[in-house]
Structure formats: structure tokens, C-alpha cells
1. Could you check B:Asp184 against (1) more than 14 Å from chain A (Cβ to nearest Cβ); (2) touching a helix residue (DSSP H, G or I) at 6+ places or on another chain (Cβ under 7 Å); (3) acidic (Asp, Glu) and say which number it fails?
2. Restricting to segment A:266-294, what's the tally of residues that are of a type in the set (A, V, I, L, M) and crowded, with 20+ Cβ neighbours inside 10 Å?
3. Please specify each residue of segment A:118-132 satisfying the condition of being hydrophobic (A, V, I, L, M, F, W, C), more than 13 Å from the chain's Cα centre (by Cα) and within 14 Å of A:Gly232 (Cβ to Cβ).
4. Find the residue count for segment A:45-85, including only residues that are more than 12 Å from chain B (Cβ to nearest Cβ) and either at pLDDT below 95 or assigned to a loop (DSSP other than H, G, I, E, B) (or both).
5. Which ones in segment B:193-218 are over 26 Å from B:Trp263 (Cα atoms) and surrounded by fewer than 16 Cβ atoms within 10 Å (Cβ to Cβ)?
6. If a residue has to be aromatic (Phe, Trp, Tyr) and either part of a helix (DSSP H, G or I) or within 13 Å of chain B (Cβ to nearest Cβ) (or both) to count, how many in segment A:99-127 make the cut?
7. So is A:Asp184 closer than 19 Å to A:Gly208 by Cβ and among the acidic types (Asp, Glu) or not?
8. Kindly indicate the residue of segment A:128-139 that is out of contact with any strand residue (DSSP E or B) (no Cβ under 8 Å at 6 or more places or on another chain) and without any contact (Cβ under 8 Å) to a residue 40 or more places away in the chain and also farthest from the other protein chains (Cβ to nearest Cβ) among those meeting that condition.
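The values are calculated or read from the model by the stated rules, or taken from the named source; none is laboratory data. Everything numeric in this text was worked out from a predicted model, so none of it was measured. Positions of Cβ are backbone-derived with ideal geometry, glycine not excepted, and every protein chain shown enters the neighbour counts.
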There are 2 protein chains.
Amino acid sequence: MSSFANSFGPHAPEETYVEHGHEERLFDTGEVRLNYVVAGEATNPPLLLVPGQTESWWGYAQAIPTLAERFHVHAVDLRGQGRSSRTPGRYTLDLMGNDLVRFVDGVIGRSTYVSGLSSGGVLAAWLSAYAKPGQVLAAHYEDPPLFSSELVPTVGQGIRQAIGPVFELFSRYLGDQWSVGDWDGLVTAMGSELPAPIRFIGAAFASGAEPTQNLKEYDPEWGRAFWTGAVGQACPHDRMLAAVKVPVLFTHHFRAIDEPSGWLLGASSDLQAAKVREIVSATGSPIEYVSLPTMGHSFHGQDPAGFCDTLSSWLDALTT
Amino acid sequence: MSSFANSFGPHAPEETYVEHGHEERLFDTGEVRLNYVVAGEATNPPLLLVPGQTESWWGYAQAIPTLAERFHVHAVDLRGQGRSSRTPGRYTLDLMGNDLVRFVDGVIGRSTYVSGLSSGGVLAAWLSAYAKPGQVLAAHYEDPPLFSSELVPTVGQGIRQAIGPVFELFSRYLGDQWSVGDWDGLVTAMGSELPAPIRFIGAAFASGAEPTQNLKEYDPEWGRAFWTGAVGQACPHDRMLAAVKVPVLFTHHFRAIDEPSGWLLGASSDLQAAKVREIVSATGSPIEYVSLPTMGHSFHGQDPAGFCDTLSSWLDALTT
């Protein structure tokens with residue numbers, strides 16, 4: 001058994017990080033050092049890319065070259081992920097969202113488009129609702145777990161009838177800031193401890209003898225924050241969506257309900273997606289809904305060209 | 001018995017507000033409309049004044065003329081107080097602090113001094129730790145309930161062994177957004193339901209046949225957020241103080257421990273104040289501690305001239 005207690009994180013860069021062929025830069029928000037990369041001409045319209053949970057900016061590595069032909073691309077690491085600094089006790093949507101508000105101010109410096117995957121898609125929603133006036137032009141929610149990442153959702157399955165137990169295992173076996181670091185225990189638990197409806201996905205989250213690169217760069221306290229609901233304590237999704245002020249693209253990927261248990265497989269259910277559309281539509285902001293039921297969770301990872309096309313087509317239609 | 005259910009708030013300005021002889025302005029943060037006043041020459045150094053819980057900007061009305069001789073004064077209403085908009089479900093230190101970050105950006109537009117009373121003093125501490133780099137020059141914590149307004153403090157009495165039950169009564173008898181509005185019930189409860197150590201202060205918070213002006217302007221959900229701890233869920237005070245980056249003035253007013261119960265009377269105990277000084281000193285930022293054991297909670301309200309003198313003398317010493 002290998003222990004990786006306290007092995008990974010910004011304090012141990014050589015053990016933790018690898019190069020990805022892009023110059024990485026740091027931005028000081030005042031609380032957090034946010035790591036990011038920039039690609040594309042500054043004369044292009046800006047695009048902010050927000051990774052999902054357990055994803056660093058380089059989850060977009062395959063998509064960036066194509067996106068950079070059209071956009072001035074900024075891909076960030078959120079607090080507690082990638083090379084950004086960790087903030088024990090302080091992982092909430094409101095704090096992460098305000099990090100991005102400061103990033104738009106301090107780095108992008110003008111109105112921007114935003115696209116975020118998964119939890120990053122929830123943050124794209126947050127920005128579309130709560131950013132400073134004029135900061136965000138339009139927002140793409142890429143397979144966002146709206147309602148389904150809440151502890152107490154207003155509609156459908158909450159996180160404990162969905163992906164939540166995976167995050168709980170990250171938290172338990174790796175510990176806040178990798179303080180436990182029991183990788184073998186995590187791999188075993190992913191195969192044996194997950195509730196039946198989601199046990200089949202365990203191996204995709206942890207397998208092999210060594211921690212995967214994306215998890216080395218991940219503060220497992222994120223997992224605890226989602227499992228306990230702390231991440232969204234003051235940010236109910238229904239209220240957030242009712243405050244949306246800009247056009248929205250919602251791409252909805254693979255999803256199913258496990259009939260025997262009623263659990264959600266995928267990022268959000270059709271019922272939840274319908275509620276998102278209902279609430280956003282009522283704000284008067286246009287919402288384009290694209291159902292991609294055979295697409296995996298990361299459109300930008302699985303089909304970078306299709307991702308770029310979908311994003312570009314939507315923006316073309318918006319701006320013409 | 002009079003019911004004031006839903007009688008007060010931004011939706012009912014004529015019933016709620018009175019004039020105070022200063023032009024009031026609104027700033028749109030993107031989520032909240034923050035009400036504020038400005039006084040003094042723009043060539044003076046800026047000073048941001050942050051009221052306490054149940055206080056609107058005009059709690060500073062007596063101090064503003066003197067402060068305006070030296071400063072470019074900005075006094076704000078926090079979300080859920082005064083003429084600022086209410087944000088149900090979203091009363092946290094991190095959100096209120098980021099409101100002020102946006103206010104400094106969008107209204108003051110340069111590095112500023114900040115002084116806050118009570119919960120506003122905790123927000124002054126928040127800004128001294130978590131504002132954007134360069135936004136805050138120095139911070140005055142006016143009798144702040146550091147540790148003592150937490151549900152689970154690292155040192156000394158938490159809010160439920162201090163002022164907390166007063167806020168719980170506000171919440172219960174007035175309701176979120178004044179949805180209950182049972183003023184008579186509140187007055188009675190302040191005289192009979194408060195725990196013994198703090199029962200003597202009840203009448204100071206609610207008495208008479210009509211709601212007091214400051215409470216008309218107060219969203220009682222603030223009280224619930226403090227009673228439940230939701231206001232500080234992701235903002236432990238010890239961690240915040242360890243992130244302080246600018247010089248601090250801490251004025252510590254009346255306080256005592258009720259011996260039979262161990263409860264705190266006043267905003268923070270000597271033990272808690274010593275811990276504040278210890279943590280801030282360890283950051284390398286200078287902290288000036290001024291003990292004023294015979295001063296009431298609001299120095300700026302009780303002795304405006306002395307308040308201005310103390311603030312000015314500290315800044316003079318800092319800048320020479």
C-alpha cells in the first residue's frame with residue numbers, strides 16, 4: 001500500500017504538476033492566486049473557460065487551438081484545482097464566482113463570453129446571474145449539474161441521489177488538501193463502496209497504482225464541500241437562475257434515471273433541464289437548449305471540433 | 001395588537017424610509033442595489049463607512065460632518081439594510097464583503113480607508129484580508145464581534161452565549177423580509193424570553209408601539225443568518241484574520257463576562273481581543289489596539305468627535 005498523504009498540491013509542485021505546452025500565468029485576486037493560460041489574438045472576442053470539478057485548465061487543451069482561431073481564450077484553474085492556490089474551509093460557489101469576477105476585471109478587462117463544464121457550468125450560470133453589470137456577454141452551460149449538485153434541490157435528485165458518493169469517497173480517502181492520501185483505499189472503495197446505481201462508474205474516477213494527474217491537482221476538500229452542501233449553502237440554484245441577465249446556451253449530455261433506485265445517472269435529468277429553461281426564460285433572457293443524449297460529460301474533451309462548432313454557431317446566431 | 005407583516009422594505013418606500021438630509025444614491029453591483037451617501041471633497045483621502053447589524057448609513061449622520069472635513073466619506077447600506085435591496089437566502093460575510101469590493105471598484109475608484117462598526121467591523125476585517133490587492137489602505141474595526149459572532153468560534157463565547165438570542169427573536173417575530181411583522185410579540189419577548197444574562201438589554205432592541213426606524217430598514221433574515229451561523233459558514237474568523245494584509249485599528253468598547261453563566265456582555269471578550277491581536281500581529285501587519293471599556297457599542301454614534309479624533313490620530317501616525 002502506498003500512502004500519498006500531503007504529497008500533492010501547490011507546496012509540492014514537482015510531484016504534482018506537468019507541463020502542457022502553454023505558458024501558465026498567475027493572477028492575484030487578493031485571496032487566491034489563480035493559474036491560467038491565454039491563447040488566440042487579443043483582437044478576437046474574449047472567452048473565459050471554466051473547468052469542472054477535478055478538471056484543470058488543460059482539460060481544454062484539445063479544444064483551445066480551434067477556439068483560439070475565433071476567440072481570445074482564457075482558461076483558468078479554480079481555487080483548489082490545478083496550480084491555483086487552495087483555500088481550506090472556503091470552497092463555495094459564491095467565492096469561486098467572485099474569483100472569476102475579479103479575473104474578468106483584472107485579466108480580461110472587457111466584456112466576455114463564458115463557457116463552463118459541470119461545476120464550471122454552474123459557475124457560468126452564477127456569472128450570468130451575479131457578475132458585475134456588463135462583464136458577461138453570454139454564457140454556455142456545458143452539461144451543468146443544476147439542481148442535481150444541490151443538497152436540497154427544488155426539483156429532482158440532489159447530489160446524494162447522483163454523483164455525490166464519489167465526492168464523499170474522494171473526501172474520505174484523500175482528505176482535505178490530500179491530508180489522508182490513501183489512494184489504494186480510494187480505488188478499492190470506488191469498486192466496492194459506491195451505492196449500486198453508480199457503482200459501475202467508480203473505476204472511471206480512480207483506478208491504477210498511482211493517482212491520476214487531474215486528481216493530484218485537485219483539493220479533495222472540494223468533494224467534502226459538495227457532499228455536505230457547503231459549496232452552495234447561500235446559492236440556491238432556482239434563485240440564481242431567476243437572476244440570469246444574459247443569453248444562455250445549455251448543452252445537455254448523457255442522462256438516465258436508474259429505475260429501481262430513482263437515482264440520476266448523468267449531470268441533470270430532463271425534468272431538471274426543463275426547470276432550468278422555464279426559470280431562465282421567465283427572466284426574458286433567451287436560452288438555447290441543445291440535447292446531446294449520446295455525448296459524454298465533457299463535450300469539449302470528447303469532441304473538441306463539435307464543441308467549437310456548437311459554441312460558434314450559437315454565438316453567430318446571437319450576434320446577427 | 002398591530003401587525004406589520006410585509007409592511008416594510010424597498011417595496012414600500014413610503015412606509016419604510018425617512019429623509020436624512022443627504023443625497024442618497026444607488027450603485028448596481030450586478031446582484032444588489034447598494035444605497036450610499038458621499039460627503040467631503042473628492043480631493044480628500046477616501047473613507048468607506050460600514051454600518052453594523054440593524055444600522056443604516058445614517059447611523060453615521062452625526063459623525064459625517066466632522067469626518068468630511070478630512071475624508072471623502074462614503075457611507076453605505078449593506079444588502080438587506082437601509083435602502084439597499086434585500087437578498088433572501090444570500091446573507092453571508094463573503095457576499096457582503098464582495099459587495100463592498102465592487103463598491104470600492106465602481107464608486108470610490110481608488111485605494112480607500114475603511115471603518116466598520118460591529119458586523120460592519122467584521123466586514124472591515126474581511127476587506128483587510130480578502131479585498132483586491134491595493135483596494136484597502138488600512139482598516140478600523142469598531143467594536144467588532146470577532147469570534148463572538150461565530151456559531152463555532154475558536155476562542156471564547158460564540159453567538160449563542162452572547163447577543164444571538166436577540167437576533168433569534170428578530171427572526172422569529174418579524175420573519176424573513178418582515179413576513180411575520182409581530183412587533184408587539186417581539187417587544188413582549190424581548191422583556192420575557194431572552195436568557196437571563198442578557199434580558200436587561202432587551203428593551204434597548206425593541207420597545208414602544210411602533211417599530212423603530214432602524215428596524216423598519218432591516219431585513220430580519222439577517223438575524224436568522226447570524227443565529228444559525230449561515231452568515232459565516234465559509235468564513236472562519238481565525239483564518240480571515242490570518243490573511244490580513246493592511247494596518248488595523250481595533251477599538252474595543254464595553255465588555256464583561258456574566259459570572260454565573262459565563263456569557264459575554266458586549267461585542268468581544270478580552271480573551272477574544274487578545275487572540276485577534278495575536279493572529280493579526282503574526283501576519284506582519286501592524287495592529288493598534290485601543291481599549292475603551294466605558295464606551296458604548298457605537299463610538300461613532302455616542303461620541304462622534306472622539307471617534308473622528310481617534311481615527312485621525314491613528315492614520316496620522318500611520319502615514320508619518
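1. All conditions are met except number (2).
2. If we filter segment A:266-294 for residues that are of a type in the set (A, V, I, L, M), which is where we start, we get A:267, A:271, A:273-274, A:276, A:279-280, A:282, A:287, A:290, A:292.
Of the ones still in play, those that are also crowded, with 20+ Cβ neighbours inside 10 Å are A:267, A:273, A:276, A:279-280, A:287.
Result for segment A:266-294: 6.
3. A:Ala129
4. From segment A:45-85, those more than 12 Å from chain B (Cβ to nearest Cβ) are A:45-78, A:80-84; that's our starting set.
Still in the list and also either at pLDDT below 95 or assigned to a loop (DSSP other than H, G, I, E, B) (or both): A:45, A:51-56, A:61-63, A:71, A:77-78, A:80, A:82-84.
Of the residues in segment A:45-85, 17 are more than 12 Å from chain B (Cβ to nearest Cβ) and either at pLDDT below 95 or assigned to a loop (DSSP other than H, G, I, E, B) (or both).
5. Scanning segment B:193-218 gives B:Gly208, B:Ala209, B:Glu210, B:Thr212, B:Gln213.
6. Going through segment A:99-127, the residues aromatic (Phe, Trp, Tyr) turn out to be A:103, A:113, A:126.
After this cut, where a residue has to be either part of a helix (DSSP H, G or I) or within 13 Å of chain B (Cβ to nearest Cβ) (or both) as well, the list is A:103, A:126.
Residues flagged as aromatic (Phe, Trp, Tyr) and either part of a helix (DSSP H, G or I) or within 13 Å of chain B (Cβ to nearest Cβ) (or both) within segment A:99-127 amount to 2.
7. Values: closer than 19 Å to A:Gly208 by Cβ: yes; among the acidic types (Asp, Glu): yes.
Yes: the conditions hold for A:Asp184.
8. Taking the candidates together, the pick is A:Gly134.
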